[in-house]
Amino acid sequence: MLGFLGFVLALLVLAPLSVFVAMPYVRKYFAGGVCKSTAQLNGKIVVITGANTGIGKETAQDLARRGAKVILACRDMAKAEKAVHEIQTKTGNQEVIAKKLDLADTKSIREFANNFLKEEKELHILINNAGVMMCPYSKTADGFEMHFGVNHLGHFLLTFLLIERLKQSAPARIINVSSLAHHFGKIRIHDLQGEKFYRGGLAYCHSKLANILFTWELARRLQGTGVTVNALHPGSVFSELIRHSFALKVLFKMFPIFLKTPSQGSQTSIYCAVAEELESVSGKYFSDCKPASVSSQGRNDETAKQLWNVSCELLGIQWD
């Protein structure tokens, strides 16, 4: 009897202790890969969308520390200016600036691009980072479903408007922040706006698949230009992206040990932006600073071309 009680007591004492001892290893495992490149970016110009918070802000800070001129393209200018001040203070780089960009409004996207082209003669790195996740059904200023409009069409139009400047500045890189969630997405050409069927979580997955297909098709079209484009999964990060999901906020607060910090989540974005070995790599998908698998839908050439053509039609542009 005493032996059994002793076993139970030992279990009660040692089990929590073992968890405590293992915690640093668990945190390290879920922290993921780290960008080890020491590349400097002096004289380079970078645009990062949604860089006032989360992984975008951490990416901006790292690239600023490497000497780049970094433009934070953000909807909320108050938060953006605060982020600029913090990054300037931490890095000592005063060439960090904020510019207004609302990806839910094509007029704002065009104004941003027009101003950028007037003010900057070069663009070396474009990081399409901003996004929305699990929103209640809503539409952008142009009538597009919010996930599809912001996460895909907004960045599609921005890239289109800046592509010639990227080509003129080659070698240059485009980085599209997608997600592992693309594996659950589907391109429903006849219901891209979610008017027939809508679930916030699925709409997010569909938009992340669109990011992958955009990357795939754009890489094909950019062959020989000196401009590369790659997509990535940043990992599960505790950031403002989950603000529309009460369930995720509760879950993430309960199990933070299994999540990345924004700094950890930014590592693959940074890797894609600076790693020397990726200078001529294009049309790939990365996670934890290494190549990752793409869903069969994400490798479908026909779907990629179809989405490209529909996107151009919706935006009223010609991109051959």
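Annotations
- Residues 97, 45, 174, ranked from the fewest to the most other C-beta atoms within 10 Å, line up as 97, 45, 174.
- Burial order of peptide ranges 139-146, 312-319 (average beta-carbon count within 10 Å, highest first): 139-146, 312-319
- Residues in region 50-84 that a label on residue 117 would reach, taking backbone N under 20 Å of a point 7 Å out along Cα→Cβ: 71-74
- Net dipole in debye of region 127-209 [+1 Lys, Arg Cβ; -1 Asp, Glu Cβ; about Cα centre; nearest 20]: 200 debye
- Proximal charge balance of residue 229 [Cβ under 10 Å; K/R count +1, D/E count -1]: +3
- Here the dipole of region 43-96 is about 80 debye; that uses its Cα centre as origin and unit charges on the Cβ of Lys and Arg (positive) and Asp and Glu (negative).
- Computed about the Cα centre, the dipole magnitude for region 41-314 is approximately 320 debye when only Lys and Arg (+1) and Asp and Glu (-1) carry charge, each at its Cβ.
- Ordered from longest to shortest, the equivalent ellipsoid semi-axes for region 269-320 are 27, 15, 9 Å, each the square root of 5 times a Cα gyration tensor eigenvalue.
- Directionally averaged projected area (convex hull, Cα atoms, region 41-314), nm²: 13.4 nm²
- Local electrostatic count, residue 147, Cβ distance below 11 Å [Lys/Arg +1, Asp/Glu -1]: +2
- Among the listed pairs 36/57; 79/121; 69/100; 100/290; 44/90, those whose Cα-Cα separation exceeds 24 Å are 79/121; 100/290.
Read-outs: derived from the displayed coordinates by stated rules, not from any lab. These figures come from a predicted structure and were not determined experimentally. Virtual Cβ from ideal backbone geometry, glycine too; neighbours counted across all protein chains shown.
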